[in-house]
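A.B. asks: Right, I'll just put the structure down here and ask away after.
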Amino acid sequence: MADMGQRGGAGRALGLAALVAAVCVAGVCGGEFSILRSPQSVVFRDGSWPIPGERIPDVAALTMGFSVEEDLPWPGLGVGDLFHRPQATVLVTVKGVDKLPVKGVSYPIENAVPFSLDSVANAIHTLFSEEMPVVLQLAPSEERVYMVGKANTVFEDLSVTLRQLRNRLFQDSSILSSLPLSSLSRNNEVDLLFLSELQVLHDIASLLSRHKHLAKDHSPDLYSLELSGLEEIGKRYGEDSQQFKDASQILVDSLQKFADEMFNLYGGNAVVEVVAVKEFNSPLSRKTRSILQASQSNKENPYNLAYAYNYNYSVIFNIVLWMMIGLALAVIMGRESTDVNKQDVSVLLADVYTNQPALALIPQHQCVIIPVSDCGAASVEAHAQ
(Lines give C-alpha, C1' and ligand atoms only; values in the text may rest on other atoms or scores of the structure.)
Protein backbone atom coordinates (compact mmCIF):
# COMPACT_ATOMS: atom_id res chain seq x y z
CA MET A 1 0.00 0.00 0.00
CA ALA A 2 2.86 2.35 0.82
CA ASP A 3 4.49 1.58 -2.53
CA MET A 4 1.22 2.25 -4.29
CA GLY A 5 0.85 5.56 -2.43
CA GLN A 6 4.39 6.59 -3.32
CA ARG A 7 3.81 5.62 -6.94
CA GLY A 8 0.54 7.55 -6.97
CA GLY A 9 2.22 10.63 -5.48
CA ALA A 10 5.07 10.40 -7.96
CA GLY A 11 2.59 10.04 -10.80
CA ARG A 12 0.64 13.10 -9.69
CA ALA A 13 3.88 15.08 -9.38
CA LEU A 14 4.92 14.08 -12.89
CA GLY A 15 1.49 14.96 -14.18
CA LEU A 16 1.63 18.37 -12.52
CA ALA A 17 5.10 19.00 -13.92
CA ALA A 18 3.90 18.02 -17.38
CA LEU A 19 0.93 20.36 -17.03
CA VAL A 20 3.14 23.27 -15.99
CA ALA A 21 5.50 22.56 -18.87
CA ALA A 22 2.58 22.47 -21.29
CA VAL A 23 1.28 25.76 -19.96
CA CYS A 24 4.72 27.37 -20.36
CA VAL A 25 5.01 26.02 -23.89
CA ALA A 26 1.61 27.53 -24.64
CA GLY A 27 3.06 30.91 -23.66
CA VAL A 28 1.24 31.45 -20.38
CA CYS A 29 4.40 31.85 -18.28
CA GLY A 30 7.05 33.72 -20.20
CA GLY A 31 8.27 37.29 -20.14
CA GLU A 32 8.14 40.19 -17.74
CA PHE A 33 6.59 43.65 -17.85
CA SER A 34 8.63 46.21 -15.87
CA ILE A 35 8.05 49.87 -15.00
CA LEU A 36 11.41 51.64 -14.77
CA ARG A 37 10.16 55.20 -14.21
CA SER A 38 6.72 56.74 -13.77
CA PRO A 39 5.31 60.01 -12.40
CA GLN A 40 3.27 60.25 -9.22
CA SER A 41 0.08 60.71 -11.25
CA VAL A 42 0.37 57.11 -12.51
CA VAL A 43 -0.01 54.39 -9.88
CA PHE A 44 1.47 50.92 -10.36
CA ARG A 45 0.85 48.68 -7.36
CA ASP A 46 3.42 46.26 -6.02
CA GLY A 47 2.40 42.67 -6.64
CA SER A 48 2.87 39.64 -8.86
CA TRP A 49 -0.34 39.97 -10.85
CA PRO A 50 0.18 38.58 -14.37
CA ILE A 51 -0.63 40.89 -17.25
CA PRO A 52 -1.93 39.40 -20.53
CA GLY A 53 0.49 40.13 -23.32
CA GLU A 54 -2.22 41.37 -25.66
CA ARG A 55 -3.37 43.94 -23.06
CA ILE A 56 -0.02 45.71 -22.71
CA PRO A 57 -1.06 48.35 -25.30
CA ASP A 58 -4.19 48.98 -23.21
CA VAL A 59 -2.01 49.64 -20.16
CA ALA A 60 -0.06 52.22 -22.18
CA ALA A 61 -3.30 53.81 -23.40
CA LEU A 62 -4.86 54.02 -19.94
CA THR A 63 -1.76 55.55 -18.37
CA MET A 64 -1.87 58.29 -21.02
CA GLY A 65 -5.56 58.96 -20.36
CA PHE A 66 -7.02 57.31 -23.45
CA SER A 67 -10.01 55.00 -23.43
CA VAL A 68 -9.90 51.34 -24.43
CA GLU A 69 -12.51 49.16 -26.07
CA GLU A 70 -12.63 46.63 -23.24
CA ASP A 71 -12.24 47.13 -19.51
CA LEU A 72 -8.91 46.06 -18.04
CA PRO A 73 -9.53 44.09 -14.83
CA TRP A 74 -5.86 44.14 -13.86
CA PRO A 75 -5.10 45.22 -10.28
CA GLY A 76 -1.55 46.28 -11.09
CA LEU A 77 -2.68 49.64 -12.51
CA GLY A 78 -4.27 52.07 -10.09
CA VAL A 79 -6.56 55.00 -10.84
CA GLY A 80 -3.99 57.74 -10.36
CA ASP A 81 -4.56 61.44 -11.00
CA LEU A 82 -7.05 61.98 -13.83
CA PHE A 83 -6.10 65.65 -14.22
CA HIS A 84 -2.35 65.13 -14.73
CA ARG A 85 -1.49 62.63 -17.43
CA PRO A 86 2.07 61.77 -18.52
CA GLN A 87 3.55 63.71 -21.39
CA ALA A 88 5.28 60.66 -22.86
CA THR A 89 5.23 56.89 -22.83
CA VAL A 90 8.39 54.97 -23.69
CA LEU A 91 8.06 51.22 -24.23
CA VAL A 92 11.15 49.12 -24.96
CA THR A 93 10.69 45.48 -25.95
CA VAL A 94 13.72 43.24 -25.41
CA LYS A 95 13.72 39.85 -27.11
CA GLY A 96 15.85 36.90 -26.08
CA VAL A 97 15.39 36.88 -22.30
CA ASP A 98 12.48 36.21 -19.94
CA LYS A 99 13.41 38.89 -17.39
CA LEU A 100 15.96 41.57 -16.73
CA PRO A 101 17.25 42.70 -13.32
CA VAL A 102 16.05 46.27 -13.75
CA LYS A 103 14.95 48.66 -11.02
CA GLY A 104 11.24 49.21 -10.63
CA VAL A 105 7.99 47.29 -10.41
CA SER A 106 7.76 44.10 -12.48
CA TYR A 107 4.86 41.84 -13.43
CA PRO A 108 4.86 38.45 -15.18
CA ILE A 109 3.41 38.29 -18.66
CA GLU A 110 0.61 35.78 -18.88
CA ASN A 111 0.66 35.17 -22.63
CA ALA A 112 3.67 36.37 -24.61
CA VAL A 113 2.00 37.26 -27.89
CA PRO A 114 3.18 39.99 -30.26
CA PHE A 115 1.64 43.42 -29.80
CA SER A 116 1.92 46.90 -31.21
CA LEU A 117 1.07 50.41 -30.03
CA ASP A 118 -0.71 51.35 -33.24
CA SER A 119 -3.97 51.94 -31.36
CA VAL A 120 -2.26 54.40 -29.03
CA ALA A 121 -0.58 56.15 -31.96
CA ASN A 122 -3.92 56.45 -33.76
CA ALA A 123 -5.53 57.94 -30.65
CA ILE A 124 -2.75 60.53 -30.42
CA HIS A 125 -3.16 61.44 -34.11
CA THR A 126 -6.92 61.76 -33.75
CA LEU A 127 -6.92 64.02 -30.68
CA PHE A 128 -3.74 66.01 -31.34
CA SER A 129 -3.55 66.18 -35.14
CA GLU A 130 -2.99 69.95 -35.15
CA GLU A 131 -0.25 69.95 -32.52
CA MET A 132 2.00 67.39 -34.28
CA PRO A 133 3.10 65.16 -31.38
CA VAL A 134 6.17 62.92 -31.50
CA VAL A 135 5.38 59.32 -32.45
CA LEU A 136 8.38 57.06 -32.99
CA GLN A 137 8.18 53.29 -33.49
CA LEU A 138 11.48 51.64 -34.30
CA ALA A 139 12.96 48.14 -34.65
CA PRO A 140 16.62 48.65 -35.68
CA SER A 141 17.54 45.03 -36.40
CA GLU A 142 14.55 44.64 -38.72
CA GLU A 143 15.08 48.08 -40.33
CA ARG A 144 11.48 48.90 -39.43
CA VAL A 145 10.75 52.52 -38.56
CA TYR A 146 7.58 54.58 -38.24
CA MET A 147 7.89 58.29 -37.57
CA VAL A 148 4.99 60.75 -37.64
CA GLY A 149 4.59 64.37 -36.64
CA LYS A 150 7.55 66.30 -35.32
CA ALA A 151 9.56 63.08 -35.18
CA ASN A 152 10.05 63.39 -38.94
CA THR A 153 12.17 66.49 -38.49
CA VAL A 154 13.75 65.82 -35.09
CA PHE A 155 14.79 62.21 -35.69
CA GLU A 156 15.49 62.37 -39.40
CA ASP A 157 19.22 61.90 -38.71
CA LEU A 158 18.58 58.79 -36.62
CA SER A 159 20.27 55.64 -37.95
CA VAL A 160 17.61 53.16 -39.00
CA THR A 161 19.25 50.80 -41.50
CA LEU A 162 21.92 48.22 -40.68
CA ARG A 163 24.51 50.06 -42.74
CA GLN A 164 23.74 53.35 -41.03
CA LEU A 165 23.90 51.67 -37.63
CA ARG A 166 27.30 50.16 -38.38
CA ASN A 167 28.70 53.46 -39.64
CA ARG A 168 27.31 55.29 -36.64
CA LEU A 169 29.20 53.00 -34.24
CA PHE A 170 32.57 53.93 -35.69
CA GLN A 171 32.08 57.67 -35.43
CA ASP A 172 33.89 59.72 -32.81
CA SER A 173 30.78 60.40 -30.72
CA SER A 174 29.62 56.77 -30.53
CA ILE A 175 29.16 54.75 -27.36
CA LEU A 176 32.16 52.56 -28.17
CA SER A 177 34.46 55.22 -26.75
CA SER A 178 32.84 55.07 -23.29
CA LEU A 179 31.07 51.69 -23.08
CA PRO A 180 32.96 48.78 -21.48
CA LEU A 181 32.68 45.92 -23.98
CA SER A 182 34.03 43.21 -21.64
CA SER A 183 33.92 39.98 -23.67
CA LEU A 184 32.15 41.53 -26.67
CA SER A 185 34.11 42.29 -29.82
CA ARG A 186 34.04 45.13 -32.31
CA ASN A 187 34.91 42.75 -35.13
CA ASN A 188 31.87 40.50 -34.78
CA GLU A 189 28.69 41.37 -36.68
CA VAL A 190 26.41 39.97 -33.99
CA ASP A 191 28.12 42.03 -31.31
CA LEU A 192 27.95 45.12 -33.48
CA LEU A 193 24.22 44.62 -34.01
CA PHE A 194 23.68 44.49 -30.27
CA LEU A 195 25.82 47.58 -29.68
CA SER A 196 24.12 49.48 -32.50
CA GLU A 197 20.77 49.13 -30.73
CA LEU A 198 22.28 50.67 -27.62
CA GLN A 199 23.59 53.46 -29.84
CA VAL A 200 20.01 54.13 -31.00
CA LEU A 201 18.89 54.56 -27.38
CA HIS A 202 21.69 57.02 -26.79
CA ASP A 203 20.94 58.98 -29.98
CA ILE A 204 17.22 59.29 -29.20
CA ALA A 205 17.91 60.86 -25.82
CA SER A 206 20.64 63.04 -27.32
CA LEU A 207 18.44 64.35 -30.15
CA LEU A 208 15.58 65.03 -27.77
CA SER A 209 17.89 66.97 -25.46
CA ARG A 210 18.64 69.31 -28.37
CA HIS A 211 14.92 69.93 -28.89
CA LYS A 212 13.70 70.19 -25.32
CA HIS A 213 10.70 72.25 -26.37
CA LEU A 214 9.10 69.05 -27.69
CA ALA A 215 8.94 67.70 -24.15
CA LYS A 216 7.20 70.85 -22.88
CA ASP A 217 4.26 71.12 -25.27
CA HIS A 218 0.71 69.99 -24.51
CA SER A 219 0.60 66.97 -26.82
CA PRO A 220 1.63 63.51 -25.54
CA ASP A 221 4.53 61.67 -27.19
CA LEU A 222 5.00 57.97 -27.85
CA TYR A 223 8.20 55.95 -28.23
CA SER A 224 8.09 52.23 -29.04
CA LEU A 225 11.40 50.43 -29.52
CA GLU A 226 12.10 46.77 -30.19
CA LEU A 227 15.57 45.35 -29.46
CA SER A 228 16.61 41.87 -30.61
CA GLY A 229 20.40 42.14 -30.40
CA LEU A 230 20.51 40.21 -27.12
CA GLU A 231 18.56 37.39 -28.74
CA GLU A 232 21.18 37.15 -31.50
CA ILE A 233 23.96 37.11 -28.88
CA GLY A 234 22.29 34.14 -27.20
CA LYS A 235 21.93 32.29 -30.48
CA ARG A 236 25.55 32.88 -31.41
CA TYR A 237 27.34 32.20 -28.11
CA GLY A 238 24.69 30.47 -25.98
CA GLU A 239 22.80 31.76 -22.97
CA ASP A 240 25.41 30.34 -20.57
CA SER A 241 28.29 32.10 -22.30
CA GLN A 242 30.21 35.01 -20.86
CA GLN A 243 29.27 37.13 -23.86
CA PHE A 244 25.56 36.71 -23.13
CA LYS A 245 26.03 37.57 -19.44
CA ASP A 246 28.10 40.66 -20.26
CA ALA A 247 25.63 41.76 -22.91
CA SER A 248 22.73 41.36 -20.48
CA GLN A 249 24.44 43.52 -17.86
CA ILE A 250 25.39 46.16 -20.44
CA LEU A 251 21.80 46.21 -21.68
CA VAL A 252 20.38 46.63 -18.16
CA ASP A 253 22.72 49.54 -17.45
CA SER A 254 21.91 51.16 -20.80
CA LEU A 255 18.17 50.78 -20.30
CA GLN A 256 18.32 52.30 -16.83
CA LYS A 257 20.37 55.23 -18.11
CA PHE A 258 18.01 55.72 -21.04
CA ALA A 259 14.99 55.64 -18.71
CA ASP A 260 16.52 58.24 -16.40
CA GLU A 261 17.42 60.54 -19.29
CA MET A 262 13.96 60.38 -20.88
CA PHE A 263 12.28 60.81 -17.50
CA ASN A 264 14.36 63.91 -16.74
CA LEU A 265 13.88 65.40 -20.22
CA TYR A 266 10.13 65.33 -19.69
CA GLY A 267 10.45 66.88 -16.26
CA GLY A 268 9.52 63.70 -14.40
CA ASN A 269 6.27 63.33 -16.34
CA ALA A 270 6.99 60.25 -18.45
CA VAL A 271 6.39 56.52 -18.13
CA VAL A 272 9.25 54.23 -19.17
CA GLU A 273 8.35 50.55 -19.52
CA VAL A 274 10.32 47.45 -20.55
CA VAL A 275 8.92 44.19 -21.88
CA ALA A 276 11.36 41.28 -21.69
CA VAL A 277 10.31 38.17 -23.62
CA LYS A 278 12.38 35.23 -24.75
CA GLU A 279 10.34 34.77 -27.89
CA PHE A 280 6.83 35.49 -29.01
CA ASN A 281 4.37 32.70 -29.60
CA SER A 282 3.42 33.89 -33.07
CA PRO A 283 4.77 36.47 -35.51
CA LEU A 284 3.37 39.97 -35.34
CA SER A 285 0.65 40.67 -37.86
CA ARG A 286 -0.34 44.32 -37.92
CA LYS A 287 -4.05 44.99 -38.27
CA THR A 288 -5.21 46.99 -41.26
CA ARG A 289 -8.44 48.91 -41.33
CA SER A 290 -10.72 48.48 -44.32
CA ILE A 291 -14.23 49.50 -45.31
CA LEU A 292 -15.52 46.06 -44.36
CA GLN A 293 -14.08 46.36 -40.86
CA ALA A 294 -15.62 49.81 -40.50
CA SER A 295 -19.05 48.49 -41.43
CA GLN A 296 -18.67 45.59 -39.01
CA SER A 297 -17.74 47.94 -36.18
CA ASN A 298 -20.81 50.04 -36.92
CA LYS A 299 -22.99 46.95 -36.64
CA GLU A 300 -21.47 46.11 -33.29
CA ASN A 301 -22.15 49.67 -32.09
CA PRO A 302 -25.36 50.70 -33.93
CA TYR A 303 -26.01 53.73 -31.70
CA ASN A 304 -22.53 55.20 -32.33
CA LEU A 305 -21.93 55.65 -28.62
CA ALA A 306 -18.78 57.47 -27.54
CA TYR A 307 -16.28 56.06 -25.09
CA ALA A 308 -16.93 56.74 -21.44
CA TYR A 309 -13.60 58.54 -21.02
CA ASN A 310 -11.07 60.24 -23.25
CA TYR A 311 -8.12 62.58 -22.98
CA ASN A 312 -10.26 65.72 -22.92
CA TYR A 313 -12.25 64.59 -19.89
CA SER A 314 -10.10 66.44 -17.37
CA VAL A 315 -10.27 69.70 -19.35
CA ILE A 316 -14.04 69.58 -19.79
CA PHE A 317 -14.55 68.58 -16.17
CA ASN A 318 -12.50 71.55 -14.94
CA ILE A 319 -14.45 73.96 -17.16
CA VAL A 320 -17.84 72.69 -15.98
CA LEU A 321 -16.72 72.55 -12.33
CA TRP A 322 -15.49 76.14 -12.14
CA MET A 323 -18.48 77.42 -14.09
CA MET A 324 -20.78 75.81 -11.52
CA ILE A 325 -18.75 77.27 -8.66
CA GLY A 326 -18.88 80.75 -10.27
CA LEU A 327 -22.65 80.54 -10.79
CA ALA A 328 -23.17 79.43 -7.21
CA LEU A 329 -21.13 82.37 -5.88
CA ALA A 330 -23.02 84.78 -8.13
CA VAL A 331 -26.38 83.52 -6.85
CA ILE A 332 -25.27 83.79 -3.20
CA MET A 333 -23.91 87.32 -3.65
CA GLY A 334 -27.06 88.34 -5.53
CA ARG A 335 -29.27 87.15 -2.69
CA GLU A 336 -27.22 89.05 -0.10
CA SER A 337 -27.45 92.24 -2.17
CA THR A 338 -31.21 91.82 -2.51
CA ASP A 339 -31.60 91.33 1.24
CA VAL A 340 -29.65 94.55 1.93
CA ASN A 341 -31.83 96.57 -0.47
CA LYS A 342 -35.00 95.22 1.13
CA GLN A 343 -33.71 96.17 4.58
CA ASP A 344 -32.99 99.75 3.45
CA VAL A 345 -36.47 100.12 1.98
CA SER A 346 -38.07 98.77 5.16
CA VAL A 347 -36.11 101.26 7.27
CA LEU A 348 -37.27 104.13 5.04
CA LEU A 349 -40.91 103.06 5.24
CA ALA A 350 -40.65 102.67 9.00
CA ASP A 351 -39.33 106.21 9.30
CA VAL A 352 -42.10 107.54 7.10
CA TYR A 353 -44.97 105.94 8.98
CA THR A 354 -43.59 106.79 12.42
CA ASN A 355 -43.14 110.56 11.83
CA GLN A 356 -39.37 110.16 11.96
CA PRO A 357 -36.98 111.87 9.55
CA ALA A 358 -35.88 109.57 6.78
CA LEU A 359 -32.16 110.10 7.17
CA ALA A 360 -31.04 106.64 6.22
CA LEU A 361 -31.13 107.11 2.50
CA ILE A 362 -30.92 110.91 1.96
CA PRO A 363 -27.70 112.77 2.80
CA GLN A 364 -28.17 115.77 5.11
CA HIS A 365 -26.04 118.16 3.12
CA GLN A 366 -28.19 117.74 0.02
CA CYS A 367 -31.75 117.94 1.33
CA VAL A 368 -34.15 119.49 3.82
CA ILE A 369 -36.35 117.10 5.79
CA ILE A 370 -40.04 118.04 6.23
CA PRO A 371 -41.98 116.24 9.00
CA VAL A 372 -44.53 113.68 8.00
CA SER A 373 -48.19 114.71 7.99
CA ASP A 374 -50.90 113.02 10.00
CA CYS A 375 -52.22 111.09 7.00
CA GLY A 376 -48.94 109.24 6.67
CA ALA A 377 -47.69 110.95 3.48
CA ALA A 378 -44.38 112.75 3.43
CA SER A 379 -42.91 115.21 1.03
CA VAL A 380 -39.24 115.82 0.69
CA GLU A 381 -37.94 118.77 -1.16
CA ALA A 382 -34.27 118.67 -2.05
CA HIS A 383 -32.22 121.81 -2.19
CA ALA A 384 -28.63 122.04 -3.24
CA GLN A 385 -26.63 123.65 -0.45
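A.B. asks: Any idea which residue in the stretch 104-117 is nearest to Gly149 (Cα to Cα), counting only those that are open to solvent by less than 40 Å² (accessible area, probe 1.4 Å) and not β-branched (Val, Ile, Thr)?
C.D. replies: Leu117
A.B. asks: If you check Ala259, Ala215, Ala205, Ala247, which single one turns out to be over 23 Å from Ala60 (Cβ atoms) and either in a loop (DSSP other than H, G, I, E, B) or not aromatic (Phe, Trp, Tyr) (or both)?
C.D. replies: Ala247
A.B. asks: To continue, here is another question. Go through the stretch 100-119 and report how many residues are in a loop (DSSP other than H, G, I, E, B) and either of a type outside the set (Lys, Arg) or at pLDDT below 90 (or both).
C.D. replies: 12
A.B. asks: Given the conditions (1) modelled with pLDDT of 95 or more; (2) out of contact with any Gly (no Cβ under 8 Å at 6 or more places or on another chain); (3) open to solvent by less than 30 Å² (accessible area, probe 1.4 Å), which single one is not true for Ile35?
C.D. replies: (2)
A.B. asks: Report the residue count in the stretch 143-166 for those that are open to solvent by 20 Å² or more (accessible area, probe 1.4 Å) and under 22 Å from Leu255 (Cα atoms).
C.D. replies: 11
A.B. asks: Scanning for something open to solvent by 10 Å² or more (accessible area, probe 1.4 Å), outside any loop (DSSP other than H, G, I, E, B) and closer than 20 Å to Ser219 by Cβ, does the stretch 62-82 turn up at least one residue?
C.D. replies: yes
A.B. asks: Here's another thing I want to ask about it. Quick check, is Leu251 surrounded by 15 or more Cβ atoms within 10 Å (Cβ to Cβ), within 23 Å of the chain's Cα centre (by Cα) and among the aliphatic types (A, V, I, L, M)?
C.D. replies: No, not satisfied.
A.B. asks: So which pairs qualify, if the first residue must be in the stretch 121-132 and exposed (fewer than 14 other Cβ atoms within 10 Å of the Cβ), the second must be of a type in the set (Gly, Ala, Ser), the Cβ gap must be under 6 Å, and the two must be at least 6 apart or on different chains?
C.D. replies: Glu131/Ser219
A.B. asks: Among the residues of the stretch 133-142, write down those that are surrounded by 15 or more Cβ atoms within 10 Å (Cβ to Cβ) and out of contact with any helix residue (DSSP H, G or I) (no Cβ under 9 Å at 6 or more places or on another chain).
C.D. replies: Ala139, the sole residue that qualifies.
The values are calculated or read from the model by the stated rules, or taken from the named source; none is laboratory data. Since this is a predicted model, take the numbers as computed values, not measurements. Positions of Cβ are generated from backbone atoms using ideal geometry, with glycine treated the same way; all protein chains shown enter the neighbour counts. SASA here: full protein model, heavy atoms, side chains in, ligands and nucleic acids out. Shrake-Rupley method; radii C 1.70, N 1.55, O 1.52, S 1.80 Å.
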